[in-house]
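Asker: Structure below; questions to follow.
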Amino acid sequence: MLKYDTIIVGGGAAGLMAAGQSAESGAKVLILERMSRPGRKLGITGKGRCNITNTAPLAEFIRQVQPNGRFLRSSFSNFFSYELIEFFNNIGVKTVTERGGRVFPEGGKAVELVKSMTSWCKNKGVTIKTEFRVNSLITEDDYVVGVSGLFEEKGKKELISFTANKVIIATGGVSYPATGSTGDGYELAKSAGHKINPVWPSLVPLVTEGTKARQLSGLDLRNIKGTVWIDGKKTGEDFGELSFTDFGITGPIVLSLSRMIVPEVKENKEIIFSIDLKSALDDKKLDNRLLRDFNEKGNEPFRKILNGLLPKVLIPVCIQDTKIDSDKSGHQITSNERKELRKWLKNFNFKVTGHRPFEEAIITVGGVDTNEVNQKTMESKLVKGLYFAGEILDLDAPTGGYNLQIAFSTGWTAAQNY
Ligand SMILES: Cc1cc2nc3c(=O)[nH]c(=O)nc-3n(C[C@H](O)[C@H](O)[C@H](O)COP(=O)(O)OP(=O)(O)OC[C@H]3O[C@@H](n4cnc5c(N)ncnc54)[C@H](O)[C@@H]3O)c2cc1C
């Protein structure tokens, strides 16, 4: 059996960071990656641009992470966004900070960042073995001493084992399984006695009832407020962009609110996603605006006046929903009709009936219970020498660079103590 100091299972964001850092401390390191090259998911992040982190302060960062952001306090204190940006600058990846504190590589190419990280690992002496799917941990008493798995080459499969003093599981979650993350790590963790909290897809588009969304497919709305009502109770809201698709709704505010919606869909609760199309105006201001429009364009038909209020494709939907006669002139619109229109503009509602699958989810909620992992080292509290890093841990956050920072910080932490 070939012997290493540290074996990293999974060559994604967390695995590459853990590997390079371990090698930098002098360890003999092996990455075992089941795909033909490392960093497949990293290479498609941020719509191909890779939003590596966010400049939000530490307290805000921790607040964004669920279900237990405090687990990351120690990790973030040692290796946070400033250190990550410095790290990338040092390996030749300059960065830019954009709206909302989102940090990207200056070159705008996620695949280039993957190449830089992979070269950094190789230059530090890390061995990367691809097409190798780890399927079991080798343990002795309470210690991990290696891993076994299948190496696949030209259709032939070979069972190989490697030994090490330290094994870091960085196999990711189950979202976008085509990138290699299919949940294998959960089985490995379970075999070591770890509790896996229920997993579900998050940052995922939502399916809505009926054909209204399909009718609007391709329409992108900006500066709108989305409010989620579950069984009549307001449970969340967000402000920003939303898009319509053939099956329902997507876009930044839908993805972020999906975290609370997905488990409720499973419970068959009544979920309404309400869109406020005029979130900058309260009811009074909106009424003044409508009065002004209807007076100034008093002789024009209602359907034409709506041009100044709504994107074109929304006009027939508005007329259909409010049941206001589209030929009525501005002067003829009654105060009750104005009230109806205001209600519609502030509550353009969609019933959520489902969500898209893991194949389309940006992140996995759930995973290895952090109560059984040492937050200062990422070492298992159950099996010595076994470590976890990245999305396999039950930690997740909204879009904005938070999830990659979690992967990089936990990868960095797991690499210490060689
Ligand atoms: C489309 C998309 C866009 C995203 N954009 C962003 C973004 O811009 N910013 C952000 O912060 N987050 C983003 N994320 C989330 C982010 O990519 C993940 O949180 C992050 O990649 C997790 O890193 P990881 O190393 O834990 O897991 P992964 O990156 O999933 O890596 C796990 C690796 O383990 C390998 N593996 C799995 N099982 C085995 C096994 N049995 N044996 C060997 N190897 C194995 C896999 O092949 C994979 O290479 C995005 C996610 C998606 C899907």
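Asker: Test of understanding: among Ala27, Ala14, which residue is assigned by TED's automatic domain parsing to the domain that holds Glu152, open to solvent by less than 70 Å² (accessible area, probe 1.4 Å), under 19 Å from the mean Cα position of the chain (by Cα) and farther than 29 Å from Asp238 by Cα? Write out each step before concluding.
Answerer: Numbers: Ala27 fails: under 19 Å from the mean Cα position of the chain (by Cα).
Exactly one residue qualifies, and that residue is Ala14.
Asker: State yes or no: is Glu391 near the ligand (Cβ under 8 Å from one of its atoms), open to solvent by 10 Å² or more (accessible area, probe 1.4 Å) and assigned to a helix (DSSP H, G or I)?
Answerer: On the way: near the ligand (Cβ under 8 Å from one of its atoms): yes; open to solvent by 10 Å² or more (accessible area, probe 1.4 Å): yes; assigned to a helix (DSSP H, G or I): yes.
Yes: the conditions hold for Glu391.
Asker: Would you be able to tell me the number of residues in the stretch 140-180 that are within 13 Å of the ligand (Cβ to nearest atom) and farther than 24 Å from Tyr4 by Cα?
Answerer: Filtering the stretch 140-180 down to residues within 13 Å of the ligand (Cβ to nearest atom) leaves 147-152, 160, 162, 167-180.
Going one step further and asking which of them are farther than 24 Å from Tyr4 by Cα, we end up with 173-179.
Residues flagged as within 13 Å of the ligand (Cβ to nearest atom) and farther than 24 Å from Tyr4 by Cα within the stretch 140-180 amount to 7.
Asker: Take Asp231 and tell me if it is outside the structural domain of Asp396 (by TED's automatic domain parsing), surrounded by fewer than 15 Cβ atoms within 10 Å (Cβ to Cβ) and in contact with a helix residue (DSSP H, G or I) (Cβ under 6 Å, 6 or more places away or on another chain).
Answerer: Details: outside the structural domain of Asp396 (by TED's automatic domain parsing): yes; surrounded by fewer than 15 Cβ atoms within 10 Å (Cβ to Cβ): yes; in contact with a helix residue (DSSP H, G or I) (Cβ under 6 Å, 6 or more places away or on another chain): no.
Against the criterion (outside the structural domain of Asp396 (by TED's automatic domain parsing), surrounded by fewer than 15 Cβ atoms within 10 Å (Cβ to Cβ) and in contact with a helix residue (DSSP H, G or I) (Cβ under 6 Å, 6 or more places away or on another chain)), Asp231 does not qualify.
Asker: Oh, and also: In a strand (DSSP E or B) and either surrounded by 21 or more Cβ atoms within 10 Å (Cβ to Cβ) or without any contact (Cβ under 8 Å) to a residue 40 or more places away in the chain (or both), is that true of Gly146? Even if it seems obvious, please write down each step before you answer.
Answerer: Details: in a strand (DSSP E or B): yes; either surrounded by 21 or more Cβ atoms within 10 Å (Cβ to Cβ) or without any contact (Cβ under 8 Å) to a residue 40 or more places away in the chain (or both): yes.
So Gly146 fits the description; yes.
Okay, residues lined up against (1) open to solvent by 20 Å² or more (accessible area, probe 1.4 Å); (2) in the same structural domain as Lys212 (by TED's automatic domain parsing); (3) away from the ligand (no atom under 16 Å from the Cβ):
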| site | (1), (2), (3) |
| --- | --- |
| Thr334 | yes, no, yes |
| Arg342 | yes, no, yes |
| Gly354 | no, no, yes |
| Glu360 | yes, no, no |
| Thr377 | yes, no, yes |
| Gly385 | no, no, yes |
| Ala397 | no, no, no |
| Leu404 | yes, no, no |
| Phe408 | no, no, no |
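Asker: So which strands (runs of 3 or more DSSP E) are wholly in the stretch 1-106 and hold at least 3 residues that are more than 16 Å from the ligand (Cβ to nearest atom) and in contact with a helix residue (DSSP H, G or I) (Cβ under 7 Å, 6 or more places away or on another chain)? So that I can check it myself, show each step before the final result.
Answerer: On the way: elements: 2-9, 29-32, 95-98, 102-105.
Of the strands (runs of 3 or more DSSP E) lying wholly inside the stretch 1-106, none has at least 3 residues that are more than 16 Å from the ligand (Cβ to nearest atom) and in contact with a helix residue (DSSP H, G or I) (Cβ under 7 Å, 6 or more places away or on another chain).
Asker: For the stretch 156-272, which helices (runs of 4 or more DSSP H) that fit wholly inside it have 1 or more residues that are of a type outside the set (A, V, I, L, M, F, W, C) and without any contact (Cβ under 8 Å) to a residue 12 or more places away in the chain?
Answerer: Working: elements: 184-191, 212-215, 252-266.
Counting at least 1 such residues, we get 184-191.
Asker: Here's a follow-up. For the stretch 273-303, which residues satisfy the criterion of being open to solvent by 70 Å² or more (accessible area, probe 1.4 Å), in a helix (DSSP H, G or I) and of a type in the set (D, E, K, R)?
Answerer: Selection gives Asp283, Lys284, Lys285, Arg292, Glu296, Arg303.
Asker: I would also like to ask the following. Does the stretch 376-387 contain at least one residue that is under 17 Å from Thr45 (Cα atoms) and within 22 Å of the chain's Cα centre (by Cα)? If you could, list the steps in order and put the result at the bottom.
Answerer: Going through the stretch 376-387, the residues under 17 Å from Thr45 (Cα atoms) turn out to be none.
Checked against the condition, which is being under 17 Å from Thr45 (Cα atoms) and within 22 Å of the chain's Cα centre (by Cα), the stretch 376-387 yields no hits at all.
The values are calculated or read from the model by the stated rules, or taken from the named source; none is laboratory data. Computed from a predicted structure; not experimentally measured. All Cβ positions, even for glycine, are placed from backbone atoms using ideal geometry, and neighbour counts span all protein chains on display. With ligands, DNA and RNA removed, areas are computed over all heavy atoms of the protein, side chains included. Shrake-Rupley method; radii C 1.70, N 1.55, O 1.52, S 1.80 Å.
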